[in-house]
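Student: Below you'll find the structure I mean.
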Amino acid sequence: MKKFEIVTEADARQLAVGESIELLPRGHVTPLALDTLRSRRVQVVRAGEAAAEDAALAPPADIRRVVISSDHGGVALRQSLAAFMRGRGLAVTELGGDAQTPADYPDVAAAVAKLVARGEADAGIVIDGAGIGSAIAANKIAGIRAAMATTETIARYSREHNGANVLTLGATLVTDAEARAIVATWLTTPMKEPRYIRRLAKVRALEEDR
């Protein structure tokens with residue numbers, strides 16, 4: 001990201017459409033440059049801060065509503081995690097059928113992802129055999145950043161660094177106790193660093209280029 005102490009109109013005209021720039025402390029933008037920046041949709045971020053539009057991309061830090069679903073292979077883990085989260089005082093919407101009714105991971109992942117994308121849930125969890133397919137499917141929904149985690153460290157990084165709003169788990173890869181620890185870490189890790197949040201705007205731009 002380019003850094004400026006002062007942004008002139010000449011500087012602004014050299015920037016790419018949709019680019020983000022950083023304005024150093026006590027820096028300023030000239031009036032003519034400001035008009036050019038707006039017309040070129042250039043985001044100006046003050047050092048140490050995330051642009052308001054970018055900040056809105058970060059997942060809710062205070063998660064209260066969770067939607068969880070699974071294919072037929074993840075029913076037992078889904079039910080266990082739903083009870084675990086309700087015990088922590090969260091409002092949990094549980095989707096999915098039973099272990100005897102086959103279900104395809106793209107369908108269950110899309111159902112969760114769409115609720116999160118519409119803001120009807122603060123976060124989503126999807127379970128299949130390995131968690132990989134559900135992550136791939138969920139990420140096809142605009143606004144969704146799904147990550148598969150097998151450890152608490154990955155869960156924490158997926159939230160803190162990548163702003164994941166959907167967690168996918170593999171029922172064959174983690175035990176019930178491991179899954180609970182992963183979920184607890186994931187739900188309680190906020191995304192705060194401006195430099196991480198700004199990168200979500202670039203992720204959004206990739207969606208818009210489809």
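Student: Heavy atoms of the protein only, probe of 1.4 Å, neighbouring chains included. What is the accessible area of residue 72 in Å², nearest 10?
Tutor: Counting only protein heavy atoms, residue 72 exposes about 80 Å² to solvent.
Student: In whole Å, how far is the Cα centre of the stretch 162-188 from that of the stretch 119-158?
Tutor: 9 Å
Student: Shifting gears a bit: What does the charge add up to near residue 40, with Lys and Arg as +1, Asp and Glu as -1, over the other residues with Cβ less than 14 Å from its Cβ?
Tutor: So the surrounding residues net to 0.
Student: Relative to the Cα centre, what is the charge dipole magnitude of the chain, using +1 at the beta carbon of each Lys and Arg, -1 at the beta carbon of each Asp and Glu, and rounding to the nearest 20 debye?
Tutor: So the magnitude is around 500 debye.
Student: So what is the 222 nm mean residue ellipticity for the chain from helices alone, if each DSSP H run of at least 4 adds -39500 (n - 2.57) and you divide by all residues, rounding to the nearest 500 deg cm²/dmol?
Tutor: After summing the helix terms and dividing by the residues of the chain, the value is -12000 deg cm²/dmol.
Student: Follow-up. Projecting each Cα onto the charge dipole of the chain (Lys/Arg +1, Asp/Glu -1 at the beta carbon, about the Cα centre), which of 189, 106, 10 comes out farthest on the positive side?
Tutor: 10
Student: Right, something else. Under the Karplus relation 6.51 cos²θ - 1.76 cosθ + 1.60, θ = phi - 60°, what is the ordered set of whole-Hz ³J(HN,Hα) values for the stretch 10-21, x standing for Gly and Pro?
Tutor: 4, 4, 4, 6, 8, 8, 6, 4, x, 6, 10, 10
Student: Oh, and also: What does the accessible area per residue of the chain come to in Å², with a 1.4 Å probe and no ligands, DNA or RNA counted?
Tutor: Spelled out: the 1.4 Å probe surface of the chain, per residue, equals 51 Å².
Student: Calculate what fraction, in whole %, of the accessible area of the chain sits on carbon and sulfur atoms when a 1.4 Å probe is rolled over the protein chains.
Tutor: 52 percent
Student: Could you point to the label whose value was computed as semi-axes √(5λ) of the Cα gyration tensor in Å for the structure here, given (1) 31, 18, 17; (2) 29, 21, 14; (3) 40, 16, 13?
Tutor: (3)
The values are calculated or read from the model by the stated rules, or taken from the named source; none is laboratory data. This one's a predicted model, so the numbers in the text were calculated from it and none came from an experiment. Heads up, the Cβs are rebuilt from the backbone with ideal geometry, glycines too, and the neighbour counts pull from every protein chain shown. With ligands, DNA and RNA removed, areas are computed over all heavy atoms of the protein, side chains included. Shrake-Rupley method; radii C 1.70, N 1.55, O 1.52, S 1.80 Å.
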